[in-house]
């Protein structure tokens with residue numbers, strides 16, 4: 001049975017009623033709540049506010065807000081909402097709590113209306129406060145950690161990535177973008193776009209390593225090359241591991257990629273220095289021995305011969321003694337260049353040391369010693385006309401060097 005509501009029962013909610021209601025509701029609200037009057041006096045607060053500021057309830061009610069809430073610019077925010085220039089104000093401020101400690105608070109100020117009561121001020125503002133000091137500290141610590149990680153990755157030229165195998169989504173750290181020289185925001189990383197960055201000669205090997213890792217869950221580590229947008233080639237070292245989902249299948253792959261181009265170039269330079277003469281850049285004795293060994297192996301398989309020519313320069317010591325070692329070095333470099341241009345691509349010209357050179361002739365079908373001797377490279381002095389056009393040092397060099405001595409040896413094929 002329904003009865004009509006007495007219009008007199010719809011009177012505005014009075015402050016005392018609000019206090020009783022607020023005490024029940026505010027107890028379960030973790031944010032600090034403050035109700036202010038039009039004169040900015042504190043009418044009531046909740047328990048969270050008291051704990052937040054470290055003050056007893058009797059020390060805050062009736063006091064002006066600025067006496068309890070000390071924050072630069074906060075009074076202006078209250079005045080703006082109270083005056084009606086803005087309906088709401090929110091933001092973050094450092095507020096001083098009991099004991100003088102400053103805490104970072106997120107605040108929200110809204111206007112409110114309660115019916116006026118005798119002997120009590122009208123409630124006009126509701127202030128909600130949330131202490132986010134620890135959150136901000138954690139955020140700042142995380143930001144510093146991420147900045148240190150980014151700087152460490154930049155110095156080490158190492159980035160990290162994560163690939164969702166199911167969706168194909170690929171995430172790159174900033175340093176991976178730098179290594180691949182792709183612009184973040186414009187280049188969308190994905191497995192197919194990653195494959196497009198691989199050097200064509202390395203693509204199949206990388207794809208096989210990734211597929212094997214997914215199939216058996218093993219980690220993979222490998223060096224490979226990538227092609228930059230401008231066409232340059234960069235060497236990288238990549239390693240990755242699989243992350244399994246609840247169903248036991250591979251869900252994600254996480255890994256790192258490091259730019260090792262400088263290391264590879266250094267290794268190549270060291271390998272070249274170890275196997276080549278630094279003055280003439282010809283193969284040295286060690287590399288010549290290896291080339292002859294390979295040629296002999298090939299010759300045994302294909303019934304071919306290997307011939308080695310030994311060459312030295314006549315009266316070379318006189319060059320160094322009379323004209324100096326710089327002229328002698330230039331002479332050795334010139335001889336090396338002429339010898340290099342006189343042989344086939346498969347043959348090897350080497351410097352054994354001093355003025356001694358050797359030539360390994362590979363894939364020789366059938367020759368005798370007399371024919372081999374004809375293949376010796378006699379040094380031919382330039383004509384007087386050409387000497388007149390040359391420099392004095394070049395002329396003096398030709399007066400001293402009359403030719404090259406040499407000998408040839410045909411290496412037999414061992415059974």
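The values are calculated or read from the model by the stated rules, or taken from the named source; none is laboratory data. Remember, it's a predicted structure, so these values are computed and weren't measured experimentally. Here the Cβ positions follow ideal geometry from the backbone for every residue, glycine too, while neighbour counts run over all protein chains shown.
The set of residues from the range 303-315 being in contact with a strand residue (DSSP E or B) (Cβ under 8 Å, 6 or more places away or on another chain) and surrounded by fewer than 18 Cβ atoms within 10 Å (Cβ to Cβ) comprises 304, 310, 312, 314. Evaluate the following for residue 67: is it within 13 Å of residue 34 (Cβ to Cβ), without any contact (Cβ under 8 Å) to a residue 40 or more places away in the chain and assigned to a loop (DSSP other than H, G, I, E, B)? Criteria not met by residue 67.
Residues are listed down the side, and each one gets a yes or a no for (1) touching a residue at least 40 places away in the same chain (Cβ under 8 Å); (2) surrounded by 14 or more Cβ atoms within 10 Å (Cβ to Cβ):
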| position | (1), (2) |
| --- | --- |
| 317 | no, no |
| 344 | no, no |
| 347 | no, yes |
| 356 | yes, yes |
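Counting the residues of the range 223-239 that are over 23 Å from residue 169 (Cβ atoms) and free of Cβ contacts under 8 Å to residues at least 24 places away in the same chain gives 3.
List the pairs whose first member sits in the range 196-209 and is touching a residue at least 12 places away in the same chain (Cβ under 8 Å), whose second member is in a helix (DSSP H, G or I) and surrounded by 14 or more Cβ atoms within 10 Å (Cβ to Cβ), and whose Cβ atoms are under 7 Å apart, counting only residues at least 6 apart or on separate chains? As it stands, the answer is 197/180; 198/206, since those pairs meet every condition given.
Could you tell me whether any residue of the range 145-154 is under 19 Å from the mean Cα position of the chain (by Cα) and in a strand (DSSP E or B)? For the range 145-154, residues under 19 Å from the mean Cα position of the chain (by Cα) and in a strand (DSSP E or B): absent. The listed residues are 43, 50, and the only one of them that is modelled with pLDDT under 90, surrounded by 14 or more Cβ atoms within 10 Å (Cβ to Cβ) and assigned to a strand (DSSP E or B) turns out to be 43. Summed over the range 242-258, residues that are in contact with a helix residue (DSSP H, G or I) (Cβ under 7 Å, 6 or more places away or on another chain) and at positive phi total 0. Counting the residues of the range 209-222 that are more than 18 Å from the chain's Cα centre (by Cα), under 19 Å from residue 170 (Cβ atoms) and not in a helix (DSSP H, G or I) gives 2.
Residue-wise test of (1) modelled with pLDDT under 90; (2) more than 21 Å from residue 281 (Cα to Cα); (3) under 51 Å from the mean Cα position of the chain (by Cα).
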residue: 333; (1), (2), (3): no, no, yes
residue: 338; (1), (2), (3): no, no, yes
residue: 354; (1), (2), (3): yes, no, yes
residue: 366; (1), (2), (3): yes, yes, no
residue: 383; (1), (2), (3): yes, yes, no
residue: 394; (1), (2), (3): yes, yes, no
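Tell me, yes or no, whether the range 200-208 has at least one residue that is assigned to a strand (DSSP E or B), under 20 Å from the mean Cα position of the chain (by Cα) and in the same structural domain as residue 250 (by TED's automatic domain parsing). No, the conditions are met nowhere in the range 200-208.
Do you know which residues across the range 229-261 are more than 24 Å from residue 167 (Cβ to Cβ), more than 14 Å from the chain's Cα centre (by Cα) and not in a strand (DSSP E or B)? Once the filter is applied, which keeps residues that are more than 24 Å from residue 167 (Cβ to Cβ), more than 14 Å from the chain's Cα centre (by Cα) and not in a strand (DSSP E or B), the range 229-261 yields 229, 230, 231, 232.
Specify which of the listed residues (271, 240, 249) is surrounded by fewer than 17 Cβ atoms within 10 Å (Cβ to Cβ) and in the same structural domain as residue 210 (by TED's automatic domain parsing).
Testing whether each residue is surrounded by fewer than 17 Cβ atoms within 10 Å (Cβ to Cβ) and in the same structural domain as residue 210 (by TED's automatic domain parsing) leaves just 249.
Under the condition of being surrounded by 14 or more Cβ atoms within 10 Å (Cβ to Cβ) and closer than 16 Å to residue 225 by Cα, the residues counted in the range 252-262 number 6. Residue pairs whose Cβ atoms lie under 6 Å apart, separated by 6 or more positions or on different chains, with the first residue in the range 139-167 and under 24 Å from residue 264 (Cα atoms) and the second modelled with pLDDT under 85 and surrounded by 11 or more Cβ atoms within 10 Å (Cβ to Cβ), are 159/153. Examine the range 285-301 for a residue that is in contact with a strand residue (DSSP E or B) (Cβ under 6 Å, 6 or more places away or on another chain) and either free of Cβ contacts under 8 Å to residues at least 12 places away in the same chain or assigned to a strand (DSSP E or B) (or both), and state whether such a residue exists. No, every residue in the range 285-301 fails to be in contact with a strand residue (DSSP E or B) (Cβ under 6 Å, 6 or more places away or on another chain) and either free of Cβ contacts under 8 Å to residues at least 12 places away in the same chain or assigned to a strand (DSSP E or B) (or both).
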